[in-house]
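Below: one structure, written as structure tokens.
The values are calculated or read from the model by the stated rules, or taken from the named source; none is laboratory data. Small disclaimer: the values here were computed from a predicted structure and weren't measured. Glycine also receives a Cβ, built like all others from the backbone with ideal geometry; neighbour counts cover every protein chain displayed. Protein only, heavy atoms only, side chains kept; ligands, DNA and RNA dropped before computing areas. Shrake-Rupley method; radii C 1.70, N 1.55, O 1.52, S 1.80 Å.
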Amino acid sequence: MNSILSKFCFDGNPISCEKYGHGHINHTYLVVTDTGRRYILQRLSQVVFKDPADLMSNVAAVTSFLSGKYDDPRRSLHLVPTIGGESWHVDDDGEYWRVYDFVEGSTCLQLPRSPEDFRNSAAAFGDFQASLAGFPVEDLCETIPNFHNTPKRYEQFKASIERNAAGRVDEVKEEIAFILDREEAASHLQSRLENGILPLRVTHNDTKLNNVLFDEVTGEALCIIDLDTVMPGLVAYDFGDSIRFGASTGAEDEKDLSKVSMDIELFRVYCDGFIPACPSLSPEEIRSLPYGAKIITLENALRFLMDYLDGDVYYQIARPEHNLDRARTQCKLVYDMESKFDEMKAICEAYI
Ligand code: ADP
Ligand code: GN1
Ligand code: MG
């Protein structure tokens with residue numbers, strides 16, 4: 001690790017470097033130097049990101065665009081350059097490394113402490129969406145092609161069932177059936193995109209609550225992080241992914257499914273923070289938001305289960321059945337959202 005650390009322009013000399021955070025994708029470390037400065041060091045996952053140099057160009061462009069918008073430097077991520085002046089370092093094994101300034105005075109949450117937290121995160125993601133409206137979309141690479149193309153995800157899922165790489169298909173027949181039964185409904189947004197009813201915008205694409213940092217003092221959402229999937233997408237998925245994670249009454253990997261449901265009051269609160277923060281949404285986009293919540297949750301169920309079938313190659317896991325537990329909570333949430341869907345639609349309709 002010392003050799004990696006020696007490549008970046010830190011303020012002071014690193015005195016510690018420890019694993020950090022709850023992300024499922026990159027390997028994240030907290031670095032502290034002898035001047036007391038703190039940094040986030042990350043090794044990118046090349047299982048997930050096939051073209052890390054393109055990804056880093058996106059991140060460099062987006063962070064520099066956003067930092068011009070705020071007076072408080074803590075409102076946006078800042079890359080720390082290498083001693084050669086680059087935004088990332090490639091080591092002898094071909095691994096990609098980057099460093100961000102640590103956003104000081106911030107907290108990262110796994111579930112909202114109060115509805116107010118959730119409203120704040122909604123306003124921050126809405127504001128992020130609105131801020132990127134002026135970003136030149138032609139400068140962005142697609143870091144994961146077809147990331148939220150649900151029909152394509154179903155194709156991959158069926159191929160994974162066919163391969164049965166980890167020999168686990170028989171064990172999860174019920175979960176597979178639940179997901180396959182919903183294939184047609186899951187294409188709703190992709191077909192509206194293809195029919196020109198819904199527009200592409202520059203979206204975040206991974207709007208979990210733990211991808212926003214809160215101000216420790218004011219409690220307000222401070223900084224949107226995890227910019228690896230900023231690329232053209234549907235606003236409904238940004239909205240929906242926040243609901244899937246933050247409006248759940250249980251953790252994403254909760255084993256006791258009786259604890260997992262979608263809190264309709266938190267859904268209402270999120271709408272209240274997000275929709276007014278995105279004033280350019282069309283009526284069709286507002287109508288698409290509940291579908292975004294249901295479909296992205298189903299997509300996550302599919303992706304977690306697919307990784308379980310593939311032998312846990314994509315997401316980081318802390319126990320052998322971790323991906324299966326995650327898939328089950330997502331199925332439970334979809335089931336619950338189906339019973340609340342008319343109410344979800346009515347809540348959104350009121351903003352039109
Ligand atoms: P992953 O793609 O694996 O989810 P993230 O970029 O989201 O990786 O980082 C993982 C965690 O590290 C975040 O959830 C957050 O807790 C923490 N983190 C990342 N960047 C910063 C930062 N600049 N300042 C403070 N904490 C950060
Ligand atoms: C991953 O990187 P992280 O942990 O914030 C994943 C998301 C999933 C999420 C499920 C690039 O997000 O798409 O919805 O896990 N990110 C990528 O928790 O695949
Ligand atoms: Mg993350």
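If you keep only loop residues by DSSP, which GluC sites (Glu not before Pro) in the stretch 94-150 have at most 12 other Cβ atoms within 10 Å of their Cβ?
Those satisfying the criteria are E104.
Could you tell me how many degrees, from 0 to 90 and to the nearest 10, lie between the Cα long axis of helix 150-163 and the main elongation axis, the longest principal axis, of the Cα atoms of the chain?
Compared with the principal axis, the helix lies near 90 degrees.
Would you work out if the stretch 181-236 is rounded, prolate or oblate? Take a ≥ b ≥ c from the square roots of the eigenvalues of the alpha-carbon gyration tensor; rounded if a/c is under 1.5, else prolate when a/b is larger than b/c, oblate otherwise.
Because a/c hits 1.5 or more and a/b exceeds b/c, the stretch 181-236 counts as prolate.
When only C-alpha pairs under 8 Å and at least 6 residues apart count, what is the relative contact order of the stretch 2-104, in percent?
27
What number comes out for accessible area per residue over the chain if the probe is 1.4 Å? Units Å², please.
In whole numbers, the chain has 43 Å² accessible per residue.
Tell me the relative contact order for the chain as a rounded percent, counting alpha carbon contacts under 8 Å between residues six or more apart.
RCO, the chain: 19 percent.
List the equivalent ellipsoid semi-axes of the stretch 115-349 in whole Å, largest first, each obtained as the square root of 5λ for an eigenvalue λ of the Cα gyration tensor.
That gives 27, 20, 18 Å for the three semi-axes.
Taking the dipole about the Cα centre of the chain, with the C-beta of Lys and Arg at +1 and of Asp and Glu at -1, give me whichever of A60, L289, N164 is farthest to the positive side.
Result: L289.
Determine the order of R268, R113, R326, R182 by accessible area, beginning with the largest, at a probe radius of 1.4 Å.
Most to least solvent-accessible, the answer reads R113, R268, R182, R326.
Would you mind checking the tilt of helix 235-246 against the longest principal axis of the Cα atoms of the chain, expressed as 0 to 90 degrees and rounded to 10?
The angle comes out near 90 degrees.
Please give the Cα centre distance for the stretch 223-242 versus the stretch 130-164, rounded to the nearest Å.
The stretch 223-242 and the stretch 130-164 have Cα centres separated by 12 Å.
Taking 0.36 nm per residue of separation and subtracting the Cα-Cα distance, what length does fully extending L111 through Q156 add?
Taking L111 through Q156 to full extension adds about 13.2 nm, to one decimal.
At a 1.4 Å probe, what is the % contribution of carbon and sulfur to the accessible area of the chain?
Answer for the chain is 50 percent, counting heavy atoms of protein chains only.
With an 8 Å Cα cut-off and a minimum separation of 6 or more residues, compute the relative contact order for the stretch 293-352 in percent.
39
If R₀ is 56 angstrom, what is the calculated FRET efficiency for the pair N13 and D342, using the beta carbon separation as r and rounding to 0.05?
That gives a FRET efficiency of 0.40.
Any idea what the dipole of the chain comes to, in debye rounded to 20, about its Cα centre with Lys/Arg Cβ at +1 and Asp/Glu Cβ at -1?
My answer is approximately 140 debye.
Starting from the Kirkwood radius over alpha-carbon pairs of the stretch 101-152, derive D by Stokes-Einstein at 37 °C in a medium of 0.692 mPa s and give it in µm² s⁻¹.
228
Could you give the dipole magnitude of the stretch 229-318 about its Cα centre, charging the beta-carbon of Lys and Arg +1 and that of Asp and Glu -1, in debye to the nearest 20?
The calculated dipole for the stretch 229-318 is roughly 220 debye.
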